[in-house]
Amino acid sequence: MIQAFAFYLFATMLIASAVLVISARNPVHSVLWLILGFFNAAGLMLLLGAEFIAMLLVIVYVGAVAVLFLFVVMMLDIDFAELRAGFVRYLPFGLLLAMVLAVEMIFAVGAWKAGSLEMAQRLVPIPSDVPNIEAIGDLLYTRYLYVFEGAGLVLLVALIGAIVLTHRARGGIRPQNISEQVKRRPQDATRNIDQPVGQGVEL
Amino acid sequence: MTAWFQTQLGDGLGWFVANLILVLAIALPLMLAVAMIIYGERRFWGAFALRRGPNVVGPFGLLQSFADGLKVALQEIIVPSAANKALFLIAPILTFTVAQILWAVIPFGDKMVLSDINVGLLYILAASSIGVYGVMIAGWSSNSKYPFYSALRAAAQMVSYEVSIGFVLLGVVMFAGSFNLSEIVLAQKGHIFGLVNGFALNPLIFPLSVIFMISAMAETGRAPFDLTEAESELVAGYQTEYSGMAFALYWLGEYANVLLMCALNATLFWGGWLPPIDWAPLYLVPGIIWLFAKIFLGFFIFSWVKATVPRYRYDQVMRLGWKIFLPISLIWIVLISGYLMLTRYSA
């Protein structure tokens, strides 16, 4: 009973906050609703027994991605009127996308329902006695090792690509060289002289 | 205790009542501990600066924090007219709540843990990553320049240091072989030559424990990394517009976070509730006392640093996080996994 209650609570909150993400007037509020949405999605994952995915969702999306979203959106000076202007123009396209997604989901669920036995034979059974971090790790680093490493390579390429695309060498800046500063001794930079009074100092 | 309540009140209600009592048994002493630790820290700073510190209210000034709390509770909460009112009031509640929920997975003794979950350490990482929103929302919703700068600084600083904290925790997890905090504590039993309980004296983990201590200071926004509330530049940072209980919630939340970082340090590196030496008579002392002693020692180091080390410049904070801690902790992960492959998993 309490699980059903929790499911409907998380699911309703998730849908409500998702709707509020696109309908909120203020983009900062949108990001905050998005964060609430992530939380409720993590709650749904917990109900499924996937505690590792739930924690990962919060760590990665709430802890890193949404912070950067919020960081950028807070600093932007957004013209709300202009933001709303394109709404009617893009509405058909958005509806089309939503329909494609919905149809795909129906197909996926339908295929799962129709051939659940065949599917279950192809998939790895979910072990109930080990924590799911260990279960995922066992699979990821043995059976799917090459796929996993391939995904890692793709991420590395994306990382380097992002740096190459956004990096520009700026001239005229004087970056600090910390080790040079630390190595510098008083006798390199200063000298003590005992100049007689009235003769001035040689510079 | 849960079982007893369940037989008395039925399954669901008994579980609820038992957990409610356990939550209160952690949260209320935590608030008391925060009040006393604020007093203790002010006494430390006094001693470091050759002053007396608070010594007037109550015997030895022990009631100083309660007097401050009473004063703050009687003050008006002023909401700036240009502020975003709802978010302005939600932000301190968020900070305070996050600082409390983190304690759910800390083991206070053998089997003495509110929620003994498999992903305890990940839960800590996940919940503490919410903490930054309390600061960011406060900075943005105040609609004022200094809090806003402070929010931007806090966001960048906390995200940066979470990366190195994550890698440090991975090193500990590899040695312990579990994300469960109780199992991490038990894995430290007799870790050094079967004699010393604790990972910190292991030469492969000691550098990580130092990095963790420093990163914890940066993560909680404590001196020397308190750039988010640097009073010479930003007045009081994100708290500038806050008053009354809203301000006090930030104060309590900050210290509860600091205590949590000390508790985490004690649990992960100093052997948690185990006595420092694996020797039978020492186990006669209850584990919770060892844990509190370790937390207090960690907190003393925190206030020692705060009293003696000058504040970093912001670019230096970022440089330390990204260019020094991140490479070192990455290399250390490789070292530790190599060592464990050679010794533990070589068969």
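The values are calculated or read from the model by the stated rules, or taken from the named source; none is laboratory data. Nothing here was measured: the structure is a model prediction, and the numbers come from that model. As a convention, Cβ positions derive from the backbone with ideal geometry for all residues, glycine included, and neighbour counts pool all protein chains shown. Keep in mind that these areas ignore ligands, DNA and RNA; they rest on the heavy atoms of the full protein, side chains included. Shrake-Rupley method; radii C 1.70, N 1.55, O 1.52, S 1.80 Å.
Summary of computed values
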{"item": "Those helices (runs of 4 or more DSSP H) lying entirely in segment B:223-333 with at least 1 residues at pLDDT 90 or above and over 22 Å from B:PRO107 (Cβ atoms)", "result": "B:287-308"}
{"item": "Residue within segment B:132-149 that is of a type in the set (A, V, I, L, M, F, W, C), closer than 23 Å to B:VAL168 by Cα and touching a residue at least 40 places away in the same chain (Cβ under 8 Å) present", "result": "no"}
{"item": "Which listed residue is within 30 Å of B:PHE148 (Cα to Cα) and open to solvent by 50 Å² or more (accessible area, probe 1.4 Å), from B:TRP103, B:TRP45", "result": "B:TRP45"}
{"item": "Residue in segment A:1-30 that is farthest from B:ILE137 (Cα to Cα), counting only those that are surrounded by fewer than 16 Cβ atoms within 10 Å (Cβ to Cβ) and within 14 Å of another protein chain (Cβ to nearest Cβ)", "result": "A:MET1"}
{"item": "Residue within segment A:178-200 that is surrounded by 10 or more Cβ atoms within 10 Å (Cβ to Cβ) and either more than 26 Å from B:ARG313 (Cα to Cα) or within 14 Å of chain B (Cβ to nearest Cβ) (or both) present", "result": "yes"}
{"item": "Selection within segment B:79-93 - within 11 Å of chain A (Cβ to nearest Cβ) and small (Gly, Ala, Ser)", "result": "B:ALA86, B:ALA91"}
{"item": "Subset of segment A:117-150 [at pLDDT 65 or above, more than 14 Å from chain B (Cβ to nearest Cβ) and outside any loop (DSSP other than H, G, I, E, B)]", "result": "A:LEU139, A:LEU140, A:LEU145, A:TYR146, A:VAL147, A:PHE148, A:GLU149, A:GLY150"}
{"item": "All positions within segment B:94-114 that are within 14 Å of chain A (Cβ to nearest Cβ) and over 18 Å from B:VAL173 (Cβ atoms)", "result": "B:LEU94, B:THR97, B:VAL98, B:ILE101, B:ALA104"}
{"item": "Residue within segment B:135-143 that is open to solvent by 30 Å² or more (accessible area, probe 1.4 Å), at pLDDT 85 or above, among the aliphatic types (A, V, I, L, M) and over 26 Å from B:PRO207 (Cβ atoms) present", "result": "no"}
{"item": "The one condition in (1) more than 18 Å from the chain's Cα centre (by Cα); (2) within 30 Å of B:GLU254 (Cβ to Cβ) that B:TYR339 fails to fulfil", "result": "(2)"}
{"item": "Odd one out for B:VAL113 among (1) open to solvent by less than 40 Å² (accessible area, probe 1.4 Å); (2) in contact with a helix residue (DSSP H, G or I) (Cβ under 7 Å, 6 or more places away or on another chain); (3) in a helix (DSSP H, G or I); (4) more than 17 Å from B:TYR238 (Cβ to Cβ)", "result": "(3)"}
{"item": "Residue match in segment B:57-67 (condition: at positive phi, in a helix (DSSP H, G or I) and surrounded by fewer than 14 Cβ atoms within 10 Å (Cβ to Cβ))", "result": "yes"}
{"item": "Pairs with Cβ under 8 Å, 6+ apart, first in segment B:198-214 and among the β-branched types (Val, Ile, Thr), second open to solvent by 30 Å² or more (accessible area, probe 1.4 Å)", "result": "B:ILE211/B:ILE328"}
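Conditions (1) in the same structural domain as B:VAL305 (by TED's automatic domain parsing); (2) within 16 Å of the chain's Cα centre (by Cα); (3) of a type in the set (Phe, Trp, Tyr), marked per residue:
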site	(1), (2), (3)
B:LEU114	yes, no, no
B:VAL132	yes, yes, no
B:ASN143	yes, no, no
B:PHE175	yes, no, yes
B:SER178	yes, no, no
B:LEU181	yes, yes, no
B:GLY194	yes, no, no
